[in-house]
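Below: the structure, in structure tokens.
The values are calculated or read from the model by the stated rules, or taken from the named source; none is laboratory data. Everything quoted here is computed from the prediction, not taken from an experiment. FYI the Cβ positions are ideal-geometry reconstructions off the backbone, even for glycines, and counts take in every protein chain you see. The protein model used for the area step is the full one, side chains on, heavy atoms only, and it has no ligands, DNA or RNA in it. Shrake-Rupley method; radii C 1.70, N 1.55, O 1.52, S 1.80 Å.
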Amino acid sequence: MNSDIPPLRPDSLPRHIAIIMDGNGRWAKKRSLNRIRGHREGAESVRNIVRACREMGIEVLTLYAFSTENWQRPRPEILALMGLLKSFLRSELGEMMENGIRLNAIGQIERFPDDVLTVLREVMDQTRKNPGMILNLALSYGGRDEIVTAARRIAAEVQAGRLQSEEITEGVFSKYLYTEGMPEPDLLIRTSGEMRISNFLLWQIAYTEICVTDTLWPDFRRDELIQILHDYEKRERRFGVTGDQIKKTPRRGLTE
Ligand code: FPP
């Protein structure tokens with residue numbers, strides 16, 4: 001770790017960090033390498049950032065690892081991503097157990113091939129009771145799809161007479177999302193400079209602070225995360241009220 005960087009204030013750390021990991025392909029292209037090499041180096045950044053967040057005491061880290069749109073990529077690239085995911089899960093299980101990390105997948109994981117799904121379910125199962133950081137991997141994830149799925153489940157509850165339509169509040173709605181019971185992201189980081197949300201956590205990021213860095217994901221490591229957290233420390237989160245009001249009664253996400 002870079003010793004020039006001052007320590008972070010624990011009381012102003014985000015509880016939940018979400019990351020759109022982008023730029024693996026460009027990282028590889030810049031070096032005249034195959035895109036898959038970029039993903040491989042990106043997996044190293046995943047290891048580095050998971051470790052850093054765990055050590056800093058972040059409660060939830062959500063990583064956008066595979067979107068519903070990513071199924072349209074060339075088959076060899078999809079297979080390589082599946083392979084990387086599987087080897088990441090296998091190689092990190094020991095460290096997750098040692099450090100109390102709970103792995104949770106968000107998305108249509110049933111679309112994944114059986115071999116990947118088996119490893120994923122095993123790791124989720126083994127880490128289920130771990131009391132430390134939650135590592136959410138967004139896999140075959142789409143924000144709109146998550147909202148539509150929640151709406152369908154709520155409609156079924158209403159139809160069955162277990163819920164009245166007047167009882168559907170933002171708080172109730174959020175219980176039908178993959179992130180049920182978790183704090184909403186305080187900070188969303190996107191690497192590689194693109195100013196887009198790309199269908200990520202559409203409901204959950206209503207009040208999230210956003211940081212876009214030009215760094216390509218394979219180059220994004222702990223020191224830059226710490227710089228971003230220093231910048232986050234200085235932001236005043238208002239949640240739609242005035243700065244004076246927020247000083248009197250600081251609040252976090254609306255649906256907590
Ligand atoms: C975006 O880069 C990245 C992805 C679509 C996949 C993210 C995957 C990893 C970081 C590696 C494996 C993951 C785990 C959890 C071990 P891009 O390919 O869209 O980059 P580009 O925009 O430069 O082409």
For the stretch 87-109, how many residues meet the condition of being out of contact with any strand residue (DSSP E or B) (no Cβ under 9 Å at 6 or more places or on another chain) and either assigned to a strand (DSSP E or B) or aliphatic (A, V, I, L, M) (or both)?
1
The stretch 66-86: number of residues that are closer than 20 Å to Phe200 by Cα and outside any helix (DSSP H, G or I)
3
Any hit, the stretch 13-22, residues being in a helix (DSSP H, G or I), in contact (Cβ under 8 Å) with a residue 24 or more places away in the chain and more than 7 Å from the ligand (Cβ to nearest atom)
no
Among the numbered conditions (1) surrounded by fewer than 16 Cβ atoms within 10 Å (Cβ to Cβ); (2) within 18 Å of the chain's Cα centre (by Cα); (3) of a type in the set (A, V, I, L, M, F, W, C), tell me where Leu216 comes up short.
(1)
Could you list, ordered by first residue, the pairs with Cβ atoms under 6 Å in which the first is in the stretch 136-150 and touching a residue at least 40 places away in the same chain (Cβ under 8 Å) and the second is open to solvent by less than 10 Å² (accessible area, probe 1.4 Å) and in a strand (DSSP E or B), at least 6 apart or interchain?
Asn136/Thr62; Asn136/Ile106; Leu137/Leu63; Ala138/Ile106; Leu139/Phe66; Ser140/Phe66; Tyr141/Ile106
When Arg37 is evaluated against the numbered criteria (1) assigned to a helix (DSSP H, G or I); (2) under 30 Å from Glu180 (Cβ atoms), which criterion, by number, is the only one it fails?
(2)
Inside the stretch 29-70, the number of residues satisfying the requirement of being more than 12 Å from the ligand (Cβ to nearest atom), open to solvent by less than 10 Å² (accessible area, probe 1.4 Å) and not small (Gly, Ala, Ser) is 3
Considering only the stretch 159-198, how many residues are surrounded by fewer than 18 Cβ atoms within 10 Å (Cβ to Cβ), under 14 Å from the mean Cα position of the chain (by Cα) and polar (S, T, N, Q)?
1
